[in-house]
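I have placed the structure first, in the form of structure tokens, so that the comments after it can refer back to it.
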Amino acid sequence: MTQSAKAKHFAALHVAGDPLVLYNIWDAGSAKAVSDAGASAIATGSWSVAAAQGYGDGEKIPLELLLDIAGRIVAATDLPVSIDFEGGYAREPRQFADNIRRLLASGAIGINLEDQIVGGDGRYGVDEQAERIAAIRAAADQTQVPLFINARTDLFLKEKEPSSHAGLVDQAIERAGRYAAAGASGFFVPGLSDPELIARICKAVSLPVNVMRPGSSPSRADLGALGVARISAGPAPYRTMIAELTSQFKAQG
């Protein structure tokens, strides 16, 4: 498939009620393993990609290295590849758009984009984040690749007290609407696990909704029944691999 065809196929895999499962990987080897196991698509997790190269999360891994890894992952599989691009490695729209064009040149067809200010405090205002998404969409349109922009809100991930999540749902729904109007393709709500709140967002939002599931529970069917269209594993696969590697070494005596 061409890059454009892969992007369209990836978008079509996002079906509310029949969610796409993305077991987040971190390099070409893990991408090939997941692909060979029967995955429908490949997606990185920023935490895992950085950790595998000895860096912390939060755009600590150099952009040049990330782009090289993205290209190697794309070359290792025929599946569509989405890259966790954190905050886009820029705030100024022109530089931001240039970074997107460079990522597209790697062959990737999708990104995750956070609304927290990477390296700073808090989140971008709704207007500014919508402008950032619009800049991505314009840059992608120039390349004629219908980039899948998975717009992530950090509202729930940053609020560690689950009992406070209900009070953030209206803000999340507002952000989803603005992000959709700016050109986003999906809406990611990591940190939110309450089934009723997930269902409320899925019902109110026009975009396919993505949740993070570190393990195997709730089931894909249960999340689908809430209206979820995409399930991500986050850093859990990398952490599991490292724990197994550590355990196997210790077992050597």
How many residues does region 27-50 hold that are open to solvent by less than 30 Å² (accessible area, probe 1.4 Å), in a loop (DSSP other than H, G, I, E, B) and over 16 Å from Ala229 (Cα atoms)? 1
The number of residues in region 127-153 that are of a type in the set (S, T, N, Q) and open to solvent by less than 60 Å² (accessible area, probe 1.4 Å) is 4
If you go through region 77-98, how many residues are free of Cβ contacts under 8 Å to residues at least 60 places away in the same chain, out of contact with any Asp or Glu (no Cβ under 7 Å at 6 or more places or on another chain), closer than 18 Å to Thr153 by Cβ and not hydrophobic (A, V, I, L, M, F, W, C)? 2
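Out of curiosity, is Val21 part of a helix (DSSP H, G or I) and not polar (S, T, N, Q)? Quick ask: steps written out before the conclusion?
Values: part of a helix (DSSP H, G or I): no; not polar (S, T, N, Q): yes.
Considered against the rule, which asks whether it is part of a helix (DSSP H, G or I) and not polar (S, T, N, Q), Val21 comes out as no.
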Just the residues that are touching a strand residue (DSSP E or B) at 6+ places or on another chain (Cβ under 8 Å) and under 16 Å from Val205 (Cα atoms), please, taken from region 150-171. Asn150, Ala151, Arg152, Thr153, Leu155
Go through (1) surrounded by fewer than 22 Cβ atoms within 10 Å (Cβ to Cβ); (2) touching a residue at least 40 places away in the same chain (Cβ under 8 Å); (3) closer than 15 Å to Ser4 by Cα and name the single condition Ser106 misses. (2)
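Check Arg72, Arg101 and return the single one that is part of a helix (DSSP H, G or I), touching a residue at least 12 places away in the same chain (Cβ under 8 Å) and within 24 Å of Thr240 (Cβ to Cβ). First the steps, then the outcome.
Details: Arg101 fails: within 24 Å of Thr240 (Cβ to Cβ).
Sole residue among the options that is part of a helix (DSSP H, G or I), touching a residue at least 12 places away in the same chain (Cβ under 8 Å) and within 24 Å of Thr240 (Cβ to Cβ): Arg72.
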Would you tally the residues in region 7-23 being in contact with a Pro (Cβ under 6 Å, 6 or more places away or on another chain) and open to solvent by less than 30 Å² (accessible area, probe 1.4 Å)? 3
Residue list for region 75-98, restricted to those being farther than 17 Å from Ala151 by Cα and assigned to a loop (DSSP other than H, G, I, E, B): Thr77, Asp78, Leu79, Pro80, Glu92
Hey, among the residues in region 55-100 that are under 18 Å from the mean Cα position of the chain (by Cα) and open to solvent by 50 Å² or more (accessible area, probe 1.4 Å), which one's nearest to Ser30 (Cα to Cα)? Asp57
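How many of the residues making up region 112-151 are assigned to a strand (DSSP E or B) and in contact with a helix residue (DSSP H, G or I) (Cβ under 9 Å, 6 or more places away or on another chain)? Can you show your working first?
The initial filter retains those residues of region 112-151 that are assigned to a strand (DSSP E or B), namely 112-114, 116, 123, 148-151.
So of that shortlist, the ones also in contact with a helix residue (DSSP H, G or I) (Cβ under 9 Å, 6 or more places away or on another chain) come out as 112-114, 116, 123, 148-149, 151.
Selection size over region 112-151: 8.
The values are calculated or read from the model by the stated rules, or taken from the named source; none is laboratory data. Quick caveat, the model's predicted, so the values are computed rather than measured. Note that we place each Cβ from the backbone using ideal geometry, even for glycine, and neighbour counts take in every protein chain shown. To get the accessible areas, we keep the full protein, side chains included, count just its heavy atoms, and leave off ligands, DNA and RNA. Shrake-Rupley method; radii C 1.70, N 1.55, O 1.52, S 1.80 Å.
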